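Any read-out appearing in this document is the output of simple, stated calculations on the displayed coordinates, not a laboratory observation. Bear in mind the structure is a predicted one, so any value in this text is a computation, not a measurement. When we count neighbours, we look across all protein chains shown, and the Cβ atoms used for this are built from the backbone with ideal geometry, even at glycine.
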Amino acid sequence: MPDLTVRQRRVADLIARELSLVLQQRAADPGLAGAVVTGARVSGDLRQAVVFVTSVLPEEKGTIMEALTRSEAFLRHELAGRVQLRHVPALTFRLDDTYDHAKRIESILDELAPALAEPEDEEEEDEE
């Protein structure tokens, strides 16, 4: 995948920031209450945007994704009033599971830590 241009990054950051504000201030759907926008990516022509979201409560992720899909037209309309773009991109929402992956890696490292620490302890005892 080619690197993003400066314009793509700026538009993606703008979309993520403004959608975060819309979700906090204007969204009336209770299914959107725990939604957190973590980032966005836009296509080269700036007509498509993938918005990455996660949930404050992990058990609500499915509900939030359904609510975002239902609210896509409303969110795009609100975005159009807040950003100065020739075309407001079509929004696609994806679940951001980066935190879940990081948490899993951390738990694996925590499990391995005692095994990795034991050989050092044995070496120290051998030196004495």
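Quickly run through the range 71-96 and pick out the residues that are in contact with a helix residue (DSSP H, G or I) (Cβ under 9 Å, 6 or more places away or on another chain) and surrounded by fewer than 13 Cβ atoms within 10 Å (Cβ to Cβ).
A90
What are the residue pairs meeting all of these: first residue in the range 55-66, first residue more than 18 Å from H101 (Cβ to Cβ), second residue assigned to a helix (DSSP H, G or I), Cβ atoms under 7 Å, and 6 or more apart or on different chains?
Qualifying pairs under 7 Å: T63/G31; I64/G31; I64/L32; E66/G31.
Restricting to the range 19-57, name every residue that is in a helix (DSSP H, G or I) and more than 13 Å from the chain's Cα centre (by Cα).
Across the range 19-57, the qualifying residues are L21, V22, L23, Q24, Q25, P30, G31, L32.
Regarding L57, is this residue surrounded by fewer than 17 Cβ atoms within 10 Å (Cβ to Cβ), at negative phi and out of contact with any helix residue (DSSP H, G or I) (no Cβ under 6 Å at 6 or more places or on another chain)?
Criteria met by L57.
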